[in-house]
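The values are calculated or read from the model by the stated rules, or taken from the named source; none is laboratory data. All figures in this text were calculated on a predicted structure; none of them were measured in a lab. Here the Cβ positions follow ideal geometry from the backbone for every residue, glycine too, while neighbour counts run over all protein chains shown.
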Amino acid sequence: MLDLLITNATLPDGRTGMSVAVQGGRIAEITQGLDAPAHETLDAQGLLLAPHFVDPHFHMDATLSYGLPRVNQSGTLLEGIALWGELKPLLTADALIERALAYCDWAVAKGLLAVRSHVDTSDPSLLAVDALLEVKRKVAPYLDLQLVAFPQDGVLRSPGGVENLERALDKGVDVVGGIPHFERTMAEGAASVKLLCEIAAARGKLVDMHCDESDDPLSRHIETLAFETQRLALQGRVTGSHCTSMHSMDNYYVSKLLPLIAQSGVSVVSNPLINITLQGRHDTYPKRRGMTRVPELMAAGVNVAFGHDCVMDPWYGMGSGDMLEVAHMGLHVAQMTSQDGIRQCFEAVTTNAARVMHLENYGLEAGRDASFVLLQARDPVEAIRLRAARLKVFRKGRLLAETPAATASLHLPGRGASTSWMAPKRQG
């Protein structure tokens, strides 16, 4: 007797009429037309069953703090950092935990069951670190929270930066982070990349570096990160986040850079909602988009994922934890509007993002965790177009959240009453 049997599902790879058998929190079998006894059976009615969404770049210590103590008026990255500096002395562990838990509720409702969050280590008290470690413990039954030790004020620029970061790692933070473009000089930035990668190598940790979050085409710390990754044999364990300066670099230099990143095995996380908002603020017109070269990186063989980055915090006043919204913005900014391009954007918030986080047992295969989302869409393209309702969200075979189908009741003169969910069948 199976615990759960889902029938008549469409999978992201295009297979239809699929059955997914679940036993003991794992996928026991995926095949067409399976008929087997189960404690619970769910007819997917041809809709899309996808692995759960993954956010590989977020700042949960700042989330839902919008307006505290004031609003970012310029909308710039630097004012956001300054505003966060004003807010830090006012933070309390209880308020931070409450906001983070509220955000995790939003995430689960949207089918987002794994988040990598950077947590600021610049404050010697490590209040945010302790708070998010408590959040990680509380949400463990329903959400995988991975924490990055992030020296927001610069690991070399701020007093005690290295010591604070190492103390955070000692407490149980998972990943080594950094922000080399915020150090005092380019040389100091490069030195911070080297130092932080050495710390990660010595401790056996992953690395996720805020890299070149700038419109400056000469901010080239991703090159140093790729070099240090190879020097220290960290291939596959390192991520460069943002990399927005690549949007302003000349094509000749990028033609050298892309193969270097690919050879190093460094993943890249772009944050479309935030990159398109914060970058280009010093431009008049033409105004740069500011997002990194997503399709070019993908074509070079680099694993590229999309992150949400911020939700209602000093840098960004919008957001709801919806990774389909992130993918929707990403395909527009990157001009990835072909069918293949849109599907790649769906993978950027699912399989590619899971690869960044090194999630074990992720995906729709026998033996993997039965953690998936039933979407009110018939394929990944339609899911992004509609930002489809998350009808059912399962983690290890257990139903965590459900949302009613989005429908509109129409009462049109001359046509009578009808119901629509805005998903006409595709032609051709």
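Quickly run through the range 403-422 and pick out the residues that are at pLDDT 95 or above and surrounded by 14 or more Cβ atoms within 10 Å (Cβ to Cβ). Answer for the range 403-422, where residues must be at pLDDT 95 or above and surrounded by 14 or more Cβ atoms within 10 Å (Cβ to Cβ): just Thr403. With respect to the stated conditions, Leu147 is over 24 Å from Gly67 (Cα atoms) and assigned to a strand (DSSP E or B).
Does Leu101 qualify as being in contact with a strand residue (DSSP E or B) (Cβ under 7 Å, 6 or more places away or on another chain) and either surrounded by 14 or more Cβ atoms within 10 Å (Cβ to Cβ) or of a type in the set (D, E, K, R) (or both)? Please lay out each step first, then the result.
On the way: in contact with a strand residue (DSSP E or B) (Cβ under 7 Å, 6 or more places away or on another chain): no; either surrounded by 14 or more Cβ atoms within 10 Å (Cβ to Cβ) or of a type in the set (D, E, K, R) (or both): yes.
When the stated conditions are applied, Leu101 does not pass them.
Among the candidates Val269, Val294, which residue alone is touching a Pro at 6+ places or on another chain (Cβ under 6 Å), closer than 17 Å to His57 by Cα and buried (at least 24 other Cβ atoms within 10 Å of the Cβ)? Reasoning before the result, please.
Working: Val294 fails: touching a Pro at 6+ places or on another chain (Cβ under 6 Å).
Unique residue meeting the criteria: Val269.
Right, Arg343: modelled with pLDDT of 95 or more, assigned by TED's automatic domain parsing to the domain that holds Cys243 and in contact with an Asp or Glu (Cβ under 9 Å, 6 or more places away or on another chain) or not? Before the answer, list the steps.
Numbers: modelled with pLDDT of 95 or more: yes; assigned by TED's automatic domain parsing to the domain that holds Cys243: yes; in contact with an Asp or Glu (Cβ under 9 Å, 6 or more places away or on another chain): yes.
In short, yes.
Per this entry, Gln376 is counted among residues that are touching a residue at least 60 places away in the same chain (Cβ under 8 Å), outside the structural domain of Ala62 (by TED's automatic domain parsing) and not charged (D, E, K, R). Within the range 344-362, if we keep just the residues that are part of a loop (DSSP other than H, G, I, E, B) and of a type in the set (A, V, I, L, M), the residue that is surrounded by the fewest Cβ atoms within 10 Å (Cβ to Cβ) turns out to be Leu359.
Condition check ((1) surrounded by fewer than 17 Cβ atoms within 10 Å (Cβ to Cβ); (2) in a helix (DSSP H, G or I); (3) in contact with a Ser or Thr (Cβ under 8 Å, 6 or more places away or on another chain)) across all residues:
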{"position": "Ala327", "(1), (2), (3)": "no, yes, no"}
{"position": "Gln335", "(1), (2), (3)": "yes, no, no"}
{"position": "Ile342", "(1), (2), (3)": "no, yes, no"}
{"position": "Leu364", "(1), (2), (3)": "no, no, no"}
{"position": "Arg378", "(1), (2), (3)": "no, no, yes"}
{"position": "Ala383", "(1), (2), (3)": "no, yes, no"}
{"position": "Leu391", "(1), (2), (3)": "no, no, yes"}
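Would you point out which residue out of Ser117, Ser74, Ser65 is closer than 22 Å to Leu273 by Cβ, touching a His at 6+ places or on another chain (Cβ under 7 Å) and among the polar types (S, T, N, Q)?
Ser117
Looking across the range 45-79, the residues that are surrounded by 14 or more Cβ atoms within 10 Å (Cβ to Cβ) and either at positive phi or charged (D, E, K, R) (or both) come down to Asp55, Asp61, Leu64, Gly75, Glu79. Here Val135 fits the description: under 30 Å from Gly397 (Cα atoms) and either over 19 Å from the mean Cα position of the chain (by Cα) or buried (at least 19 other Cβ atoms within 10 Å of the Cβ) (or both). When Leu399 is tested against the conditions (1) crowded, with 24+ Cβ neighbours inside 10 Å; (2) without any contact (Cβ under 8 Å) to a residue 12 or more places away in the chain, the lone failure is (1).
Within the range 252-279, being farther than 25 Å from Cys197 by Cα, out of contact with any His (no Cβ under 9 Å at 6 or more places or on another chain) and in contact (Cβ under 8 Å) with a residue 40 or more places away in the chain holds for Thr277, Leu278. Could you list all residues from the range 16-44 that are surrounded by 13 or more Cβ atoms within 10 Å (Cβ to Cβ), under 22 Å from Arg395 (Cβ atoms) and not aliphatic (A, V, I, L, M)? Of everything in the range 16-44, those that are surrounded by 13 or more Cβ atoms within 10 Å (Cβ to Cβ), under 22 Å from Arg395 (Cβ atoms) and not aliphatic (A, V, I, L, M) turn out to be Ser19, Gln23, Gly25, Arg26, Glu29, Thr41.
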